[in-house]
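Asks: Quick one: this structure, given as C-alpha cells, is what I'll be asking you about.
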Amino acid sequence: MFSSTSRRHFLQEAGAGAGWLALLAMQRSLATERPPQFAPRAKRVIWLFMHGGPSQVDLFDPKPDLARLSGEPLPESFGEVMTRRKVATNPLLAPAMPFRPRGQCGLQVSDFLPHIGACADELCVVRSMHGDSVNHPQSVYQMNTGSVLMGRPSVGSWVSYGLGSENDDLPAFVVLPDPGGGLKGGPPAWGNGYLPARYQGVTMRPQGAPILNLSPAVDQSTSRQRQSLDLLEKWNRRHLAARDNDDELEARIASYELAYRMQSAAPELVDIRGETAETERLYGLDQRETSEFGRRCLLARRMVERGVRFVQVISGDTVGWDAHTDLVKNHTNYCGRTDRPIAGLLQDLKRRGMLDDTLVIWGGEFGRMPMSEQGKGRDHNPWGYSLWMAGAGVKRGFAYGATDAVGLRAAENRVHVRDFHATVLHLLGLDHEELSYYNHGLDERLTGPGEEARVVHELLG
C-alpha cells in the first residue's frame with residue numbers, strides 16, 4: 001500500500017511533515033519521571049533569561065560610592081582587571097535610577113523595577129556572581145551550559161536527563177524565545193550537547209500553532225494516522241536495529257509518538273481563553289508594552305502546572321539588554337516590558353501554592369561596568385554582577401555576597417557560575433558531582449570534570 005509513496009508524502013500522511021521533525025529532541029522515555037538523588041526543594045524551574053546583560057549597579061546592587069564618584073576616573077586600585085578593556089579610562093557613571101528599600105525585608109531594588117521590588121520579600125539576590133568571558137556568545141554558553149565553549153549540554157538538558165518529565169504529552173524542557181530574534185550564541189544555548197538528543201530544549205511559540213506543521217492533514221482520520229504511525233515505527237525500528245541503536249534515530253522515532261500526543265496537548269497549552277481577566281491583568285496582558293512578555297510568563301506557569309520540568313523564557317533579541325550607548329533608554333524599555341509580568345508570575349505561583357516547589361531564576365549572561373561607555377552606556381562586566389532566585393526553599397528577602405565599592409568585581413562571598421549551577425541542581429535533589437554522563441572516556445558533569453564547584457548553602461532557607 002505504501003511501497004510507491006514518496007518519503008515526503010508518507011511523512012505528511014503519517015502526521016505533519018516538518019513539524020514532526022521539529023520534535024526530534026523528544027522521546028517517549030523522556031516522559032518517565034525519575035526520582036531525585038535526595039529530597040528536593042524544587043520540582044521544576046522557570047528561568048527568566050535577560051539576554052544581553054542587565055546592569056547590576058542600576059537594578060539590584062546599590063552603590064552609594066558610585067554615585068558619589070560619578071564623573072571621576074576609576075581608582076588605580078581597580079586597574080589590573082581592566083588591562084584589556086579601553087573603558088578603564090572612562091569616567092564612572094552614577095546609577096541611572098534611585099534605589100529604595102522594598103517590602104518588610106528592606107531589600108534595595110531600583111526604581112527601574114517597582115513591581116519586582118514589591119515582591120522583594122520573595123527574592124534571594126546574589127550580588128557576587130562572576131564568570132570567565134567578556135563576550136556575549138561565550139558568556140551565554142557558560143551561563144546556560146557551564147562552559148564558554150559551544151557544544152555542552154544546557155542546564156535544562158541536564159535537569160531533563162536527571163529527572164525526566166511529569167507529563168506524557170509534553171516535553172520536559174521547553175524554551176520560549178524572544179520573538180524579536182535569537183540570542184547571541186543561538187540554539188546551542190539550549191542544546192543537548194553530548195547527552196542523548198531527546199534531552200534538547202524544544203522551542204515553542206506563545207500563540208497560534210505552538211510548533212509549526214504539527215497538526216495532521218485535514219483529510220486524514222485519526223485511525224489512518226495511527227495506522228501510518230505504527231507502520232512507520234515498525235520500519236524505523238528495523239532500521240534502528242541495523243545501526244547499533246543510533247541515538248538520534250531513536251529520538252526521531254519517538255518524536256513521532258510524542259508529536260501525535262502533543263497535537264491536542266500543545267494547542268490547549270497556549271489557549272489562554274480559560275484564564276480570568278484578573279489573571280491576564282496580573283501578567284500585563286491588558287497593556288501593549290507588557291502583553292507579549294506577559295503572555296510568555298503566563299504560558300510558563302501553565303507549562304509547569306502541566307508537568308513541564310524546565311521552562312526558559314528569554315527576554316531580549318540579538319541586542320537585548322546590551323546597553324552600550326544609552327543605558328536609560330535600553331533599561332527603561334526592557335524593564336518596562338518585563339517588570340510587571342515577572343511580578344505577576346511570582347504572585348500567581350504563590351497564590352496557587354506553586355512557588356513552594358517552583359524555582360524561579362532571573363538573570364543574564366553577565367552584568368555591566370560601573371564606568372561609562374560612549375557617555376551614557378555601560379560595557380560588559382563578567383567579574384561582578386547580580387541575579388536572583390525565588391521560591392523552592394531559597395532564602396526570602398535576602399541578599400548574598402557583594403561587589404566592591406563601585407560594583408566592578410565580586411568581592412565578598414563570591415559565587416562562580418559553576419557554584420550557581422551546583423546550587424540549582426541541589427535544589428532539585430541532584431548532586432552535581434554524581435549527575436554525570438560518560439562521554440569519550442570522561443564522566444562529564446554540568447559543573448565540569450576536574451573543576452571546583454560548591455553548593456552555596458547560605459542561599460537555602
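Please treat every number below as a calculation from the coordinates, not as lab data. Owing to the predicted nature of the structure, the values given are computational and were not obtained by experimental measurement. Counting neighbours? That spans all protein chains shown, and the Cβs are built from the backbone with ideal geometry, glycine included.
Asks: Using a 10 Å cut-off on Cβ atoms, rank the peptides 266-273, 303-310 from the highest mean neighbour count down.
Replies: 303-310, 266-273
Asks: Moving on to the next point. Per-residue HN-Hα couplings for the range 161-176, Karplus 6.51 cos²θ - 1.76 cosθ + 1.60 at θ = phi - 60°, whole Hz, x for Gly and Pro?
Replies: So the J values, rounded to whole Hz, are 5, x, 10, x, 10, 9, 9, 6, 10, 9, x, 7, 10, 10, 10, 10.
Asks: Separate question: For a protection proxy built on the mean count of beta-carbon atoms within 10 angstrom, sort 446-456, 418-428 highest first, please.
Replies: So the peptides 446-456, 418-428, ranked by packing, come out 418-428, 446-456.
Asks: Still on this structure: State the volume of the convex hull built on the alpha-carbon positions of the range 96-192, expressed per residue in Å³ and rounded to an integer.
Replies: 175 Å³
Asks: Order of Asp58, Asp431 from fewest to most other C-beta atoms within 10 Å?
Replies: Asp431, Asp58
Asks: Give me the distance in nm between label points sitting 7 Å out from Cα along the Cα-to-Cβ direction at Tyr438 and Arg34, one decimal.
Replies: Going from the Tyr438 label point to the Arg34 one covers 1.4 nm.
Asks: Under a Cβ-Cβ cut-off of 9 Å, what is the net charge of the residues other than His136 that fall near it, where Lys and Arg count +1 and Asp and Glu count -1?
Replies: After counting each charged neighbour, the total is -1.
Asks: Can you give the Kirkwood hydrodynamic radius of the range 121-167 from its Cα pairs, in Å with one decimal?
Replies: 12.5 Å is the Kirkwood radius here.
Asks: Take the Cα atoms of the range 317-461, build their convex hull, and give its volume per residue in Å³.
Replies: Numbers: hull volume 21.9 nm³, N = 145.
Residue-normalised Cα hull volume stands at 151 Å³.
Asks: Within 10 Å of each residue's Cβ, count the other Cβ atoms and sort Cys335, Cys105 from fewest upward.
Replies: The most exposed by this proxy come first: Cys105, Cys335.
Asks: Name the long-range amide H neighbours of Tyr400: under 5 Å, sequence gap of 5 or more, or other chain; modelled H, no Pro or chain starts.
Replies: Amide H neighbours of Tyr400: Val125, Val126, Arg127.
Asks: Are any of the pairs Lys63/Lys184; Lys43/Lys184; Lys350/Lys395 more than 23 Å apart by Cα-Cα distance, and if so, which?
Replies: Flagged as over cut-off: Lys63/Lys184; Lys43/Lys184.
Asks: For Arg102, which sequence-distant residues (separation of 5 or more, or a different chain) have an amide H within less than 5 Å of its own amide H, given hydrogens modelled in the peptide plane?
Replies: Residues meeting the criterion, in which the H sits 1.01 Å from N, are Leu107, Gln108, Val109.
Asks: Just to check I understand the Karplus step: with θ = phi - 60° and J = 6.51 cos²θ - 1.76 cosθ + 1.60, what whole-Hz values come out for the range 336-350, glycine and proline as x?
Replies: Listing the rounded values in order: x, 6, 10, 4, 5, x, 5, 4, x, 4, 4, 5, 5, 4, 5 Hz.
Asks: Local charge sum around Asp348 (other residues, Cβ-Cβ under 14 Å, Lys/Arg +1, Asp/Glu -1)? The partial results should precede the final answer.
Replies: On the way: positive: Arg281, Arg295, Arg296, Arg301, Arg302, Arg340, Lys350, Arg351, Arg352; negative: Glu122, Glu275, Glu278, Glu280, Glu305, Asp356.
That sum, taken over residues with Cβ under 14 Å, equals +3.
Asks: Along the principal axes of its C-alpha atoms, what lengths does the range 29-69 span, in descending order and rounded to whole Å?
Replies: Reported extents, whole Å, longest axis first: 57, 24, 11.
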